[in-house]
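Heads up: the structure comes next, in structure tokens.
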Amino acid sequence: MSTPSPYAIEMLHITKRFPGIIANDDVTLQLKQGEIHALLGENGAGKSTLMSVLFGLYQPEEGEIYVKGKKVEINDPNVANELGIGMVHQHFKLVECFTVLDNIILGVETTKGGFLQKDEARKKVMALSEKYGLRVDPDAKIQDITVGMQQRTEILKMLYRDNEILIFDEPTAVLTPQEIEELMQIMKNLAAEGKSILFISHKLAEIMAVADRCSVLRKGKYIGTVETKNTTMEELSAMMVGRNVNFHVEKGEAKVGKPVLEVRNMSVASKVHKNNAVKNVSLTVHAGEIVCIAGIDGNGQTEFVYGLTGLEPLVSGSVKMLGEDITKAKIRERSLKGMSHIPEDRHKHGLVLDYSLEDNLVLQRYFEPEFTNKAGFLRRDNIRKYAEKLIAEYDIRSGQGPVTKARAMSGGNQQKAIIAREIDKGPELLVAVQPTRGLDVGAIEGVHKSLISQRDAGKAVLLVSLELDEVMDVPDRILVMYEGEIVGELDPKKTTQEELGLYMAGAKRDEVKA
Amino acid sequence: MKKILKNDGVQSLLASLICILLGLLIGYVVLLFIEPSGAGEAIKAVIKNFLTYNKKESQLKYLGNTLVKAAPLVMCSLSILFSYKVGLFNIGAAGQYCIGIACSLYCALALKLPWWVCTLVAVLGGALAGSISGLLKAYCNVNEVISGIMLNWIILYGTNMLLTNVKEATSPYTKEVARTSAASLLPTLGLGKFFNNNKYVGVSVIAAVVIAVIVWVVLEKTRFGYELRATGGNKNAAKYAGMAEKRNIIVTLAISGALAGLGAAMLYLTSYEQWNCSTSSVPGMGFNGIAAAFLGGLNPIGAILSSFFIQHITAGGAYVDKKIYCAQISDLISSIIIYLCGFVFFMKLMMNKRIAKQEERAQKALAKKAAEGGKEQ
């Protein structure tokens with residue numbers, strides 16, 4: 001071909017079948033040189049499969065792939081690397097105990113007589129870092145730096161390998177609002193320098209803000225490609241979900257009842273540094289209200305929840321639930337008293353990945369007479385019935401139903417399973433930590449509805465969230481946490497995102513009484 | 001056919017068989033290197049074990065011996081796999097087995113207690129040794145492999161010291177249980193007569209099978225097993241769900257230890273073997289238990305079969321012609337085969353890869369056919 005192709009990547013009419021399912025059905029994706037192209041779709045729409053095809057992890061049954069106008073056969077991830085395609089995964093692939101620099105050069109180290117030559121590498125990394133505004137500390141260890149900096153390390157890894165085509169797999173799922181902003185700017189810088197970017201996401205606002213064009217997948221089928229400047233969020237979401245989605249959370253007035261949770265002067269130790277991560281926090285959550293703890297990630301929310309749910313001991317302070325002191329209660333006792341906990345990290349705490357879906361759904365209730373008989377044997381038939389009920393009620397999708405291994409389920413459906421389990425327990429207090437993390441628009445709507453119906457049923461809900469939209473829309477009261485302290489109480493009806501941001505950044509603070 | 005191949009149980013079985021064949025093959029090659037003329041006969045002897053004998057009576061008698069020694073091996077492999085399911089690697093099984101020997105023999109020879117008391121003390125001894133590792137793991141975060149290995153040595157020398165009190169005056173071996181305290185012998189239930197009056201065969205053979213089934217039921221069917229496997233799968237999630245994960249670690253290692261200790265009583269209370277009070281390493285039974293557990297696909301029922309097989313070839317090694325090969329050859333060949341047994345999970349992985357690849361190809365072919373068919377129409 002004499003004239004250079006305008007496309008960095010063309011994936012034409014890709015079809016990939018798995019036993020019982022067509023993951024990609026005649027999907028076409030064309031990424032122009034130097035553009036930011038969003039790939040939008042719900043969980044299970046086939047985005048991951050399409051990327052696995054591009055990286056040679058799967059071979060498509062039909063379809064062709066062109067890179068820069070040349071037809072290519074990608075049957076190995078190494079081939080993709082050689083073609084200059086790089087990916088930042090949703091879950092970072094970094095060595096925790098290595099420094100940023102070591103991680104970047106890992107696999108492509110320059111050596112002389114068997115010794116590492118890091119000086120040149122450092123120069124190249126620093127130059128790239130400066131050019132694209134990717135702030136990193138090359139000598140810090142991965143375990144000590146923020147998630148945002150870890151992601152910038154991943155991006156530098158791709159640039160260090162001179163990749164021209166960059167794929168970001170749901171990059172904002174783990175970031176704070178400020179970090180998201182920064183990432184958007186970085187992506188624009190990269191595109192301006194001629195890199196072609198594929199941005200996999202289901203967050204419409206971000207796609208509208210940063211992408212030039214957007215291709216939509218739904219249930220494995222290619223729906224279409226639109227220019228973002230000619231479309232609206234409503235149109236995109238309708239393309240993605242196949243129906244109109246209500247963005248605004250509908251809810252009535254809160255009917256606030258008696259206090260359910262009373263935390264007084266709680267302090268919790270930090271695992272990272274010597275100071276307390278939570279300092280002298282007091283708050284009250286009443287029946288029939290949703291209280292949200294807002295804040296930038298890493299300001300003590302995680303430790304606060306650990307202290308509240310009994311995963312970590314308190315340094316000082318007390319916790320009362322329904323008037324009873326539970327400061328020293330075991331986790332199981334708290335659960336039996338009516339505390340449910342949707343954990344922040346579903347893989348770490350929420351699921352036993354090698355257990356089947358049904359076994360995970362009874363994780364908090366397996367010991368009840370319904371599921372264990374007097375002799376201590378599991379009542380498998382009841383567990384199956386219960387699992388089938390929850391699967392139907394909460395629309396949990398999986399390959400083989402109740403017996404699917406949790407590991408084999410998509411992230412969104414794993415989250416749905418946890419939410420189903422925790423809400424169906426019938427809690428008096430629901431502690432929901434980032435319950436919509438990694439979920440698509442349709443699923444988020446469902447989770448918010450569940451939280452509000454808990455509230456309307458007279459239960460107390462404590463929501464911990466990093467998503468500004470969620471913080472503004474869902475709760476009845478907002479408490480802002482900054483460096484382990486509650487620095488402000490806001491009424492979501494009266495405040496603005498800007499004001500909230502000032503509290504979150506520590507620029508503004510009030511005395512807050514519980 | 002494909003469906004059968006994809007079944008997990010079938011895969012485990014196939015992988016085990018492949019490992020066994022590979023082990024035999026490598027053993028054969030080693031024999032060829034040392035002395036080609038006798039290699040064929042030697043490997044045949046290993047495989048044949050008690051079948052070497054022509055007379056049916058002799059065959060039965062030596063089959064009985066193999067069974068007597070397979071029973072404690074079943075217990076050791078159950079000990080390993082039980083803790084393995086909970087995410088713990090109980091390499092201390094060897095020491096727990098050893099403390100079982102010390103307890104059962106001391107109770108029998110010095111105190112002349114009845115067999116069931118001796119057995120109970122051996123079980124408690126093993127449980128105690130296991131729970132030391134468990135306590136250290138749960139409360140001090142000491143790796144159970146390290147504490148297990150260290151305990152193995154302490155227990156070994158403790159056993160030598162204790163049993164020196166009940167050894168023969170003229171040899172390093174302990175007195176025979178059969179002659180010293182008949183009440184301490186395990187009941188034979190009259191099983192010996194099926195094995196040409198082999199006086200060692202008895203309750204232990206049946207007990208080993210029954211206990212394997214119980215272990216399987218506990219792990220797979222009970223609330224306790226559900227908790228243990230959850231702790232093994234993800235201890236953070238187990239803690240989050242309010243399971244007492246520290247208690248579970250201790251209880252698991254205590255049960256593992258009890259199983260190994262019971263295994264020791266099952267062998268030594270038959271009077272089949274005496275303890276050598278100048279032994280300088282823990283008995284290999286506990287370590288062979290690791291191979292048996294993996295060869296059995298970490299399934300209690302599989303452990304019965306794999307333990308029998310491993311004991312079978314270990315005993316078979318004794319029949320290799322010592323005029324051609326040196327005395328150590330029998331141990332060498334059986335340990336090569338046992339070593340290969342550890343590769344079961346690697347084999348399974350390779351098999352699954354192959355199946356996936358074939359499926360991919362079949363899918364492609366099918367799609368192609370469909371596309372061509374479409375064009376014709």
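Quick look at the numbers
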| quantity | calculated |
| --- | --- |
| Helical mean residue ellipticity (222 nm; -39500 (n - 2.57) per DSSP H run of 4+; nearest 500) of the protein assembly as shown | -15500 deg cm²/dmol |
| Square roots of five times the Cα gyration tensor eigenvalues for segment A:374-514, Å | 35, 17, 13 |
| Percent of Cα pairs exceeding the 39 Å cut-off, where the set is chain A | 30 percent |
| Under the Karplus curve 6.51 cos²θ - 1.76 cosθ + 1.60, θ = phi - 60°, whole-Hz ³J(HN,Hα) for segment A:336-342, x wherever Gly or Pro sits | 5, 6, x, 9, 10, 9, 8 |
| Helix axis angle, B:344-376 relative to chain B longest principal axis, alpha carbon, degrees | 10 degrees |
| Relative pair counts by distance (%), Cα atoms of segment B:51-95, 10 Å bins | 26, 32, 20, 18, 5 |
| Under 16 Å from B:K69, Cα to Cα: lysines that are on another chain or at least 8 residues apart | B:K61, B:K199 |
| Footprinting exposure proxy for A:K320, B:K322 (fewest neighbouring C-beta atoms within 10 Å first) | B:K322, A:K320 |
| Average partner coverage of B:218-226, which counts Cβ from other chains inside 10 Å | 5 |
| Rounded Å value of the spacing that divides the Cα centres of segment B:87-153 and segment A:16-63 | 56 Å |
| C-alpha long axis of helix A:118-132 to longest principal axis of chain A, angle in ° | 80 degrees |
| Entries in A:K47/A:K348; A:K271/B:K235; A:K449/B:K235; A:K203/A:K494; A:K320/A:K348; B:K48/B:K357 that, when Cα-Cα distance is taken, lie over 29 Å | A:K449/B:K235; B:K48/B:K357 |
| Per-residue Cβ neighbour rank within 10 angstrom, fewest leading, A:R397, A:R218 | A:R397, A:R218 |
| Enclosed volume per residue, in Å³, of the convex hull spanned by Cα atoms of segment B:59-326 | 133 Å³ |
| Net charge over other residues, Cβ less than 10 angstrom from the Cβ of A:L430 (K, R count +1; D, E count -1) | +1 |
| Tail beyond 14 Å, pair distance distribution of segment A:350-425 (Cα, percent) | 54 percent |
| Mean shadow area of the protein assembly as shown, taken as a quarter of the surface of its Cα convex hull (nm²) | 47.4 nm² |
| Chain B: Cys lacking any partner C-beta under 4.7 angstrom | B:C19, B:C76, B:C98, B:C103, B:C140, B:C277, B:C326, B:C341 |
| Cα centroid separation, segment A:468-497 to segment A:210-238 (Å) | 32 Å |
| Relative compactness, segment A:241-383, computed as alpha-carbon Rg over 2.2 N^0.38 Å | 1.27 |
| Local electrostatic count at A:L351 - Lys and Arg +1, Asp and Glu -1, tallied over other residues with Cβ under 11 Å | +2 |
| Cα radius of gyration and Dmax for segment B:91-189 (Å) | 15.0, 46 |
| Reciprocal mean inverse distance between Cα atoms of segment A:93-192 - Kirkwood radius, Å | 14.0 Å |
| Computed Kirkwood radius, in angstrom, where 1/r is averaged over Cα pairs of segment B:218-377 | 20.4 Å |
| Residue mean of other protein chain beta carbons inside 10 Å, A:323-332 | 1 |
| Order of B:S271, A:S340, B:S171 under a 10 Å beta carbon neighbour criterion, fewest first | B:S171, B:S271, A:S340 |
| Percent of alpha-carbon pairs separated by more than 26 Å within segment A:7-241 | 38 percent |
| If the convex hull is drawn through the Cα atoms of segment A:377-460, its volume per residue in Å³ | 112 Å³ |
| Within straight-line cross-link reach of A:K508, aspartates and glutamates at Cα separation under 15 Å, skipping those fewer than 8 residues along the same chain | A:E483, A:E485, A:E489, A:E498, A:E499 |
| Centroid-to-centroid separation of segment A:141-173 and segment A:290-357 [C-alpha atoms, Å] | 31 Å |
| Greater than 19 Å apart at Cα, pairs in A:K425/B:K246; A:K32/A:K68; A:K32/A:K195; B:K137/B:K239 | A:K425/B:K246 |
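Every read-out reported here was derived from the displayed coordinates using simple, explicitly stated rules and does not represent laboratory data. Remember, predicted model here, so these are calculated numbers, not experimental data. Cβ coordinates were reconstructed from backbone atoms using ideal geometry, including for glycine residues, and neighbour counts include every protein chain displayed.
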